[in-house]
Each structure stands twice: as structure tokens, then as C-alpha cells.
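Participant: After the C-alpha cells below, expect a handful of questions from me.
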Amino acid sequence: MSMILSASVVRVRDGLPLSASTDYDQSTGVQECRKYFKMLSKKLSQLPDRCTLKTGQYNINFISSLGVSYMMLCTENYPSVLAFCFLDELQKEFITTYNMMKTNTAIRPYCFIEFDNFIQRTKQRYNNTRSLSTKMNLADMQTEIKLRPPYQISVSELGSANGFTPLSAADYKGTGKISAAPHQRLEPVTLPGIVSFVLSLLCGALNLIRGFHAIESLLQSEGEDFSYVIAFFLGTAACLYQCYLFVYYTGWRNVKSFLTFGLICLCNMYLYELRNLWQLFFHVTVGAFSTLQIRLRQPQGKSPDYNV
């Protein structure tokens, strides 16, 4: 039997649960899907405003608007147009009932738990499709979903939570396309981070200029060592890569930053004869400072582990 099993209202910024339906289904599959609710709530700020996660026998759908996300769990054969109409009704009622100031300043989990009454009434209506009288809304939603389909989340994008390992793609064949994980957001840039970025660019530019001068010297004098040219250009590449690591999130980001700093040190050691101590000190210090700023600017923190 196709039906809606549960629903939840979550703040996008930090995953704080604001309200949720009272659920009585304690089956293993539903309990596992509740873990997906928690995992999704930690990544809402990184996901599009309309998404679907297919997990075998169940689907999790959600929409986000004005800093609040409305999530629901239903059986796999429940029509998606009905699912998103259900979420749309929750959204309209919640926005009408609670102002954004209350939502943004909420501290306690489930501080709007009285909204559960509306969730339960709406869930009962949508579980009895014959009683639905929203044909016009259904038609509008069907057109909207056709023009802008919900983003299909891959379970592998969610990682793991509380020791729970998500199902692999092979465990739910035919559940839609597997999408690449979106870029993970980093914490806001600080003033020291901006300074390190500018200094790294400066060091890269200095290395690049000296590299071209070394090429000119090489062309004018056959005795010039070509390895100096390589060292200057490697230093330039290392400085620019530090800038890239500071701006974008990549796998093994901290390890890459330390290896890049090591390359900067090696290049400056090799160029010892061409630079004075103050120049060497400047380049190595900037490299160390940039490495520290990369280490400090981590992905945005996870939300508290509430029992959604």
C-alpha cells in the first residue's frame, strides 16, 4: 500500500529539527530511513531546494525555502507529484503560522512541535487519495516537476552517521540516476585567510618573474643551470596550488597542503645561492602561513546530532 509514513520540519542552517510527526511504525526499514533523515539534515545547506533520496522500499522527499526544509518519508510507489504537493502544503502552513524571526532564533529542538497536528491531518488526507480535492494543485505540481525534476541524491553522497553505513548504489538498482556530490562548502573567509591568499599570489608572481629571468640568463649564457628554471616554476605552481586549496574543498586537502608546503621549502633550499636569507625566510614563512590558513578553513561544521 502506497502511503506517507512520516514528516519533519528542519532548519536548513544547522539541521535543527523544528517539528516532526509522531510515528508509530517501528519496522527496521523505517528506522533505517530515520537515520537518513538525520544525515540529510546535516547537509541541507549543500543541497538543492527540491530533492529525492531513494532507499529501496522507501523514498525521502524534501523541499527547502526561506531557511526551512520540509521532509517526508513515503513508500517507493507513492506518486512523487502527491509527495511534493504534501510538502508544499506543509510549507505554506508553516510560513503562515510562524514568522522567520521565530524560526531563526529557535534554540530548542522541536520547539514548534504543535505543528504536528497539522502534519497528521494533512498526512491522513494524502494517504486517502480519494478524499483529495486539490486537482488543480496536482496539475500545477505535475507540470513543475516535469519542467524542473527533483535532484536525485545518491546515498553515497551522505557518508555515514553513528556507525550506520548507507546502502551502495547496487543495493537499489533502478532508483534513478546517481549524481555527483556537490562541492562542499568551506567556512567563511577570515582576514588572515585573505592576507595569506594575497601573499601566496605575490610569492607565485615573484617566482614566475625570476623564472623568466633565469630563462633569459640561460639563453645568454650556456653555463647557466636549467634546474634553477624548473625550481622557480615549481615554486610558482606550489604557491598557486595553495591558493586553490584555500578557496576550494578537495579530498585529502590538509595532506595536499602540507605536501605543497614541503615542495615550497625544497624549491627554496635549491635556490639558496640565488636568494638572500630574507627572501628565503619570506617565501617559507608565507608558505607556512598559507598552510595554516588552509588547515583552519575547514568544511562548514556539522549540525548537532539530534534524533530526527
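Participant: Sort the following peptides by mean Cβ neighbour count (other Cβ atoms within 10 Å, averaged over residues), highest first: 76-83, 246-253. Mind showing how you got there, number by number?
Facilitator: Working: 76-83: 17.5, 246-253: 13.1.
The densest-packed peptide leads the list: 76-83, 246-253.
Participant: Return the sequence-ordered ³J(HN,Hα) values of the stretch 78-89 in whole Hz as given by the Karplus equation 6.51 cos²θ - 1.76 cosθ + 1.60 applied to θ = phi - 60°, using x for Gly and Pro.
Facilitator: 6, x, 5, 5, 5, 4, 6, 5, 4, 5, 5, 5
Participant: P(r) tail for the stretch 27-123, what percent of Cα pairs lie past 18 Å?
Facilitator: Looking at the stretch 27-123, the distances longer than 18 Å represent 50 percent of pairs.
Participant: Residue by residue through the stretch 229-245, which ³J(HN,Hα) values in whole Hz follow from phi under the Karplus form 6.51 cos²θ - 1.76 cosθ + 1.60 (θ = phi - 60°), with glycine and proline marked x?
Facilitator: Here the 3J(HN,Hα) series is 4, 4, 5, 5, 6, 5, x, 4, 4, 5, 5, 5, 5, 4, 4, 5, 5 Hz.
Participant: Quick one: 3J(HN,Hα) in Hz for the stretch 269-276, Karplus 6.51/-1.76/1.60 with θ = phi - 60°, rounded, Gly and Pro as x.
Facilitator: Residue by residue, the stretch 269-276 yields 5, 5, 8, 4, 6, 9, 10, 7 Hz.
Participant: Quick one: which residues, 5 or more positions from L5 or on another chain, have an amide H under 5 Å from its amide H? H modelled 1.01 Å from N in the peptide plane, none for Pro or chain starts.
Facilitator: When sequence neighbours closer than 5 places are left aside, the close amide H contacts are L73, C74, T75.
Participant: What distance in nm separates the two pseudo spin-label positions at M101 and Q120, each 7 Å out from Cα along the beta-carbon direction?
Facilitator: 3.1 nm
Participant: Enter the accessible area per residue of the stretch 39-131 (Å², integer; probe 1.4 Å; all protein chains in place).
Facilitator: Numbers: 4100 Å² over 93 residues.
Result: 44 Å² of accessible area for each residue.
Participant: Cβ under 15 Å from I194's Cβ, I194 left aside: what net charge do those residues give with Lys, Arg +1 and Asp, Glu -1?
Facilitator: Numbers: positive: R297; negative: E187.
Net charge in that neighbourhood comes out at 0.
Participant: Which whole-number value in Å² is the accessible area per residue of the stretch 197-245, probe 1.4 Å? Show your work: numbers first, answer last.
Facilitator: Working: 2690 Å² over 49 residues.
Here the per-residue accessible area is 55 Å².
Participant: Here's another thing I want to ask about it. List the residues whose amide H sits under 5 Å from the amide H of A20, counting only those 5 or more places along or on another chain, with H placed 1.01 Å from N in the peptide plane.
Facilitator: For A20, the qualifying residues are V9, D116.
Participant: Next question. Quick one: which residues, 5 or more positions from Y151 or on another chain, have an amide H under 5 Å from its amide H? H modelled 1.01 Å from N in the peptide plane, none for Pro or chain starts.
Facilitator: Answer set, sorted by chain and number: R50, C51, T52.
Participant: With 11 Å as the cut-off, how large is the P(r) tail for the stretch 215-267, expressed as percent of Cα-Cα pairs?
Facilitator: Details: 965 of 1378 pairs.
The calculated P(r) of the stretch 215-267 puts 70 percent of pairs beyond 11 Å.
The values are calculated or read from the model by the stated rules, or taken from the named source; none is laboratory data. In this text, all values refer to a predicted model and were calculated from it rather than measured experimentally. Every residue, glycine as well, gets a Cβ built from its backbone with ideal geometry; the counts of neighbours run over all protein chains shown. Please note that ligands, DNA and RNA were not included when accessible areas were found on the heavy atoms of the full protein model with its side chains. Shrake-Rupley method; radii C 1.70, N 1.55, O 1.52, S 1.80 Å.
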